[in-house]
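What follows is one structure encoded as structure tokens, with my remarks underneath.
Bear in mind that the values in this text are calculations on the coordinates, not laboratory data. All figures in this text were calculated on a predicted structure; none of them were measured in a lab. All Cβ positions, even for glycine, are placed from backbone atoms using ideal geometry, and neighbour counts span all protein chains on display.
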Amino acid sequence: MGKNDKATEQLGRQTPLPASPEAAELERVANPHPDTSYVARFTCPEFTSLCPVTGQPDFAHLVIDYIPDRWILESKTLKLYLHSFRNHGAFHEDCTIAIGKRIVTFIEPRWLRMAGYWYPRGGIPIDIFWQTGTPESGVWIPEMEVPGYRGRG
């Protein structure tokens, strides 16, 4: 049995913030309903990272939707992983896509959709969207419901 196939190691314990996204350890648990297609959504309205050129903070509202297969993503470790970007320099596109790809590699969902609604940099908001193919028919997938930029609050 692999390290991430057993009970979580970080849940219920005081866990320090990982030094970097690479150092962050995601954890997963068995999907309690693997015979049912449903959407799980994580929303992170206060995501931060650093501009790789200026070192100034960048802010985003992230939405992650996925249809689980055998695994579901443990939310505390996702939170720690996302917070590890606070001192990480990367462009908006890199942060958004890297997060989505890491989750897909780790939990192998039936489908995943990742959206990064970034606050303006240089007066222009940059929004990044990525998904892994087409979701199954008949699965209710709610709209993102993140408004176009108007102060995004």
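Results, tabulated for the structure shown:
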{"quantity": "Gain upon complete extension [residue 108, residue 22; 0.36 nm per residue less C-alpha separation]", "calculated": "29.1 nm"}
{"quantity": "Difference of contour (0.36 nm per residue) and Cα-Cα distance, residue 15 to residue 86", "calculated": "23.9 nm"}
{"quantity": "Within-14-Å neighbourhood charge of residue 87 [Cβ basis; K, R +1; D, E -1]", "calculated": "-1"}
{"quantity": "Under 5 Å, built H, 5+ apart or other chain: amide partners of residue 127", "calculated": "118"}
{"quantity": "The chain: mean projected area of Cα convex hull, nm²", "calculated": "9.9 nm²"}
{"quantity": "Exposed trypsin sites (Lys or Arg not before Pro) absent - longest run of the chain, DSSP non-H/G/I/E/B, at most 10 other C-beta within 10 Å", "calculated": "14-149"}
{"quantity": "All-pairs Cα distance distribution in the range 59-121, expressed in whole percent, bin size 10 Å", "calculated": "19, 57, 22, 2"}
{"quantity": "Ellipticity estimate at 222 nm from DSSP helix runs (n ≥ 4, -39,500 (n - 2.57)) divided over the chain, nearest 500", "calculated": "-5000 deg cm²/dmol"}
